[in-house]
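Take a look at the structure below.
The values are calculated or read from the model by the stated rules, or taken from the named source; none is laboratory data. The model shown is predicted, which means the values in this text are computed figures rather than measured ones. When we count neighbours, we look across all protein chains shown, and the Cβ atoms used for this are built from the backbone with ideal geometry, even at glycine.
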Ligand code: F6P
């Protein structure tokens with residue numbers, strides 16, 4: 001959608017609100033804290049400290065309605081070809097429920113259920129084996145989701161397996177992970193939708209050879225013949241499909257490591273949480289729809305306020321990997337400067353997503369959030385009930401979470417300008433009742449739907465990633481020059497290769 005009219009309306013409201021600060025918005029409306037909050041199951045979100053008022057929000061909701069956002073959300077789950085450049089649907093929702101009505105969605109759901117049954121059998125057989133350690137080899141969406149969820153849910157497993165992850169082509173990661181593991185008690189899962197990813201094939205070959213063959217080698221891939229040719233027995237290859245994007249795939253057999261860590265029951269609870277959010281995203285009216293509200297606020301911050309980055313600040317150490325996970329989800333999905341109809345977008349698109357876990361991040365980059373020249377909107381994520389008995393620590397954690405959002409929004413006047421906090425720095429504050437498979441599934445699905453909603457508003461394809469191809473191709477072409485076979489074409493690269501070769 002977008003278009004000049006969209007841009008003009010955004011700017012009109014931004015101009016109208018330019019002299020209004022977040023504390024003014026809060027003071028002007030005693031009901032704002034309640035009115036600007038939404039809850040879906042275990043996920044509560046307060047937008048009260050965003051620099052937006054009800055008329056601006058209503059304008060955005062009107063634009064979203066005219067952009068056909070509600071039917072676009074329905075089209076996503078029903079299996080329309082929302083990935084236009086690759087002419088395919090993006091049916092990650094079919095991995096967690098039968099919400100989709102179309103034939104493609106029904107078939108996808110049936111395939112997902114069959115794969116899940118096979119995955120449960122493999123989980124059971126591994127649990128009954130002498131294997132103690134699992135190494136997940138994959139990168140991007142074949143790594144970040146399982147890595148995040150396994151880390152976040154470590155209180156839920158029975159500790160039957162130790163989980164390890166190898167993603168980087170840097171051999172030191174393989175070396176560090178394999179060091180100390182016993183190949184006779186280790187199983188590896190090679191996760192690659194394409195089974196053509198350089199990093200995963202190189203690392204996978206090292207791990208396969210270290211294991212001494214394919215006996216404890218598993219794979220998850222949409223390219224089953226390639227996995228089998230690599231030495232994985234067909235009965236140990238779990239399927240993936242071209243209708244799931246890598247960064248949306250943790251709900252499929254890509255989550256095998258998750259199921260090994262938290263059991264099938266935990267994995268199913270994760271899916272159920274996501275499914276609850278799917279129903280809400282598709283059925284709730286735009287003005288009461290959490291992922292839609294999150295997306296509209298993201299568009300407002302990016303386009304009306306012109307803020308180029310977005311911080312993700314989980315106040316729970318178990319969610320420390322969330323910023324890295326969301327970097328891929330948001331930036332690979334929305335990092336586009338061409339619309340689906342091949343026109344240039346009318347508005348700026350993706351923000352730079354970054355962040356870190358509180359309270360550690362407070363002692364690192366929060367200085368810049370409070371007093372830097374750029375305003376960085378933040379998503380704070382807190383957890384009400386901890387999974388430990390250290391009540392004093394948890395109270396301190398929550399106090400810090402609430403204090404930071406308050407300080408960023410309200411600021412602080414001081415006679416000494418060095419000590420003044422300008423405030424007016426927007427944030428959304430999420431509270432999960434507890435960090436469980438269910439609540440985590442709901443939170444991650446919330447972000448998925450928000451990303452898709454943003455893509456609809458900007459008119460871009462959230463499900464392709466052509467921008468990662470060029471560098472991959474050039475890297476392949478440079479290998480011979482690095483070995484001293486011929487010179488690189490680019491003069492700067494040529495000089496750098498000479499430097500490398502002179503010192504290696
Ligand atoms: O970085 C590009 C990318 O294609 C991601 O989208 C994907 O998650 C990752 O590489 C890994 O791809 P595969 O699962 O095919 O190995």
Tell me, yes or no, whether the stretch 449-456 has at least one residue that is over 16 Å from the mean Cα position of the chain (by Cα) and either buried (at least 20 other Cβ atoms within 10 Å of the Cβ) or over 30 Å from residue 20 (Cα atoms) (or both).
-> yes
Output for Cβ contacts, cut-off 6 Å, separation at least six or different chains, first residue over 17 Å from residue 139 (Cβ atoms) in the stretch 215-229, second in a loop (DSSP other than H, G, I, E, B) and modelled with pLDDT of 95 or more, reads 217/232
| request: Might you check whether a residue that is modelled with pLDDT of 95 or more, part of a helix (DSSP H, G or I) and on the phi < 0 side of the Ramachandran plot occurs anywhere in the stretch 40-51? | output: no
Of the residues in the stretch 407-431 that are part of a helix (DSSP H, G or I) and without any contact (Cβ under 8 Å) to a residue 12 or more places away in the chain, the one that is farthest from residue 312 (Cα to Cα) is 417
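This table checks each residue for (1) surrounded by 13 or more Cβ atoms within 10 Å (Cβ to Cβ); (2) touching a helix residue (DSSP H, G or I) at 6+ places or on another chain (Cβ under 7 Å).
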| site | (1), (2) |
| --- | --- |
| 408 | yes, yes |
| 411 | yes, no |
| 415 | no, no |
| 427 | yes, yes |
| 434 | yes, no |
Within the stretch 280-308, the count of residues that are surrounded by fewer than 20 Cβ atoms within 10 Å (Cβ to Cβ) and under 19 Å from the mean Cα position of the chain (by Cα) comes to 1
Every listed condition ((1) free of Cβ contacts under 8 Å to residues at least 40 places away in the same chain; (2) loosely packed, with under 11 Cβ neighbours inside 10 Å) holds for residue 476 save (1)
When residue 482 is run through (1) in the same structural domain as residue 342 (by TED's automatic domain parsing); (2) more than 19 Å from the chain's Cα centre (by Cα), the failure sits at (1)
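Yes/no per residue for (1) farther than 27 Å from residue 299 by Cβ; (2) crowded, with 19+ Cβ neighbours inside 10 Å:
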site	(1), (2)
354	no, no
363	yes, no
387	yes, no
393	yes, no
401	no, yes
Counting only residues in the stretch 1-38 that are touching a helix residue (DSSP H, G or I) at 6+ places or on another chain (Cβ under 8 Å) and outside any helix (DSSP H, G or I), the one surrounded by the fewest Cβ atoms within 10 Å (Cβ to Cβ) is identified as 29
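Would you confirm whether any residue within the stretch 210-222 is in a loop (DSSP other than H, G, I, E, B) and within 24 Å of the chain's Cα centre (by Cα)? Walk me through it before giving the result.
Step one: of the stretch 210-222, the residues in a loop (DSSP other than H, G, I, E, B) are 212-216, 222.
From what is left, the residues that are within 24 Å of the chain's Cα centre (by Cα) are 222.
Checked against the condition, which is being in a loop (DSSP other than H, G, I, E, B) and within 24 Å of the chain's Cα centre (by Cα), the stretch 210-222 yields at least one hit.
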Here the residues within the stretch 131-169 that are at negative phi, more than 16 Å from the ligand (Cβ to nearest atom) and in a loop (DSSP other than H, G, I, E, B) are 131, 132, 153, 154, 155, 156, 157, 158, 160, 161
Subset of the stretch 230-241, residues outside any loop (DSSP other than H, G, I, E, B), farther than 24 Å from residue 160 by Cα and within 16 Å of the ligand (Cβ to nearest atom), comes to 239
If you go through 254, 262, 244, 282, the only one that is at pLDDT 95 or above, part of a helix (DSSP H, G or I) and within 16 Å of the ligand (Cβ to nearest atom) is 254
(1) in contact with a strand residue (DSSP E or B) (Cβ under 9 Å, 6 or more places away or on another chain); (2) assigned to a loop (DSSP other than H, G, I, E, B); (3) within 16 Å of the ligand (Cβ to nearest atom) all hold for residue 227 apart from (2)
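Here is a yes/no grid of residues against (1) outside the structural domain of residue 23 (by TED's automatic domain parsing); (2) without any contact (Cβ under 8 Å) to a residue 60 or more places away in the chain; (3) in contact with a helix residue (DSSP H, G or I) (Cβ under 8 Å, 6 or more places away or on another chain); (4) farther than 21 Å from residue 294 by Cβ:
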{"residue": "47", "(1), (2), (3), (4)": "no, no, yes, no"}
{"residue": "53", "(1), (2), (3), (4)": "no, yes, yes, no"}
{"residue": "62", "(1), (2), (3), (4)": "no, yes, no, no"}
{"residue": "72", "(1), (2), (3), (4)": "yes, no, yes, no"}
{"residue": "86", "(1), (2), (3), (4)": "yes, no, no, yes"}
{"residue": "103", "(1), (2), (3), (4)": "yes, yes, no, yes"}
Going through the stretch 102-116 in order, the residues found to be exposed (fewer than 12 other Cβ atoms within 10 Å of the Cβ) and farther than 17 Å from residue 249 by Cα are 103
